[in-house]
1. Restricting to segment 279-311, give me the number of residues that are outside any loop (DSSP other than H, G, I, E, B), free of Cβ contacts under 8 Å to residues at least 60 places away in the same chain and touching a Pro at 6+ places or on another chain (Cβ under 9 Å).
2. Test of understanding: among G98, G30, which residue is in a loop (DSSP other than H, G, I, E, B), crowded, with 16+ Cβ neighbours inside 10 Å and more than 21 Å from the chain's Cα centre (by Cα)?
3. Just to check your reading of the model, which residue among G175, G167 is of a type outside the set (S, T, N, Q) and surrounded by fewer than 21 Cβ atoms within 10 Å (Cβ to Cβ)?
4. Return the residues of segment 48-80 that are of a type in the set (A, V, I, L, M, F, W, C) and either more than 23 Å from the chain's Cα centre (by Cα) or in a helix (DSSP H, G or I) (or both); say none if nothing qualifies.
5. Would you mention how many residues in segment 148-163 are surrounded by fewer than 22 Cβ atoms within 10 Å (Cβ to Cβ) and within 16 Å of ligand 2 (Cβ to nearest atom)?
6. Just need a number here: residues in segment 129-147 that are surrounded by fewer than 24 Cβ atoms within 10 Å (Cβ to Cβ) and either within 12 Å of ligand 1 (Cβ to nearest atom) or assigned to a loop (DSSP other than H, G, I, E, B) (or both).
7. Inside segment 160-179, can you point out the residues that are within 16 Å of ligand 1 (Cβ to nearest atom) and either under 29 Å from S107 (Cβ atoms) or outside any loop (DSSP other than H, G, I, E, B) (or both)?
8. Select from segment 180-192 the residues that are of a type outside the set (A, V, I, L, M, F, W, C) and assigned to a strand (DSSP E or B) and write down the one among them that is nearest to V44 (Cα to Cα).
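What follows draws every value from the coordinates through simple rules; no lab data is involved. The model shown is predicted, which means the values in this text are computed figures rather than measured ones. Note that each Cβ is placed from the backbone with ideal geometry, even for glycine, and that neighbours are counted across all protein chains shown.
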Amino acid sequence: MKRTLVLKVSPVRPKIEVIRVAARIIQNGGLVAFPTETVYGLGVDALNPKAVKAMFKAKKRPPDNPPIIHVADKNDVYMLAKKVPKEAEKLMEAFWPGPLTVILERSKLVPDVTVAGLSTVAIRMPRHKVALALIRESKTPIAAPSANLAGRPSPTTAEHVLKDLNGRIDMVLDGGPTRIGVESTVIDLTVKPPQILRPGGTTYEKLVKVLKKVELHPVAVADKKVKILWARSPGVKHRHYAPRAKLILVEGQRKEKVVEKIQELADKFMREGKKTGVLATDETAGGYRADVVKSLGSRRNLRTVAKRLFLCLREFDEDKVEVILAEGVPLKGLGLAVMNRLRKASGYTIVKADED
Ligand code: AMP
Ligand code: MG
């Protein structure tokens, strides 16, 4: 156990003295959790193999799942990647800083452990003053996966980070809750056409406008467990985002059918004496009978839904709920990222409400 230093920092005007404390830790090979616009990241010097190894250990992350390297200057991309295709330049111009991670061929500068032995590297520039200031002051690219224990819901507040990692990391920069709440979109530019490996904060609809042709990797949109022999994005094959409770996702075109199915399941679990939670939306939350009902927000405002998703999953754990019945949301805009997280969190335990 080490002592984890927690310092508050303004997300709009971060004090340079606070950032410098964190940057010194990064430069000395230490581990600093910091806010980005998506979720909190657990940062280490991306070019220091020892520091990267310590990060994997602190998170209990499988060593085959590489982190994203965060930069504050586009020039760093040319240092970290062997080649930077035209599409990458277009995307960086359109979406950086922002929640988009590009996969490129790696350069020799990047240590093996940082990319888990892959021939490619994941890079993004976060849209958050604290993150950008930290990278600049550290004078090195920062490798940062989400700052949670592997498998748990990603952290959207400093409290979530501490819940998982207090005593395991050197410092948390507490910049308040994150704005987007789901992780970045990961797009592979080493294949043609470019392929979305993970839906996230930059929507498919926006990417299509800039690139014309973009594919969604089948795993990114799967509603069943897909057998993966060799994963281009190793993260996809690990269990993810999971609360302690068993989560069952109920999907369907018609909201009424979904509500009916969830209530039927809730009644069954409560009869069995299980503490049962429902993850609903504003339009439906009032109608459920269950031990705990939480709303993600309005179905018409998927931004709020994305922002609240991981928070709600963690709150169910605090409430010691044993079963969570979650409503599916529309598969458009940020809804694609939300559904990808919910499906994974359920371990693909999905009930289709329209099919009976
Ligand atoms: P996290 O850092 O927890 O948000 O997860 C990072 C995601 O980026 C994981 O799903 C990784 O598998 C993915 N990733 C990182 N590096 C690569 C890479 N070189 N190729 C494909 N996916 C990657
Ligand atoms: Mg993660």
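1. Selection size over segment 279-311: 1.
2. Working: G98 fails: more than 21 Å from the chain's Cα centre (by Cα).
After ruling out the rest, the residue left standing is G30.
3. Numbers: G175 fails: surrounded by fewer than 21 Cβ atoms within 10 Å (Cβ to Cβ).
Sole residue among the options that is of a type outside the set (S, T, N, Q) and surrounded by fewer than 21 Cβ atoms within 10 Å (Cβ to Cβ): G167.
4. Here is the first cut: in segment 48-80, the ones of a type in the set (A, V, I, L, M, F, W, C) are 51-52, 54-56, 58, 68-69, 71-72, 77, 79-80.
Correct list: A51, V52, A54, M55, F56, A58, V77, M79, L80.
5. Our first condition is that a residue be surrounded by fewer than 22 Cβ atoms within 10 Å (Cβ to Cβ); within segment 148-163, this holds for 149-151, 157, 159, 162-163.
From the residues that got through so far, the ones that are within 16 Å of ligand 2 (Cβ to nearest atom) too are 149-151, 157, 163.
Residues meeting the conditions: 5.
6. Final tally of qualifying residues: 3.
7. H160, V161, D164, L165, I169
8. Here is the first cut: in segment 180-192, the residues of a type outside the set (A, V, I, L, M, F, W, C) are 181, 183-185, 188, 190, 192.
With assigned to a strand (DSSP E or B) added as a condition, the list becomes 185, 188.
Details: T185: 21, D188: 23 Å.
Ranking the qualifying residues of segment 180-192, first place goes to T185.
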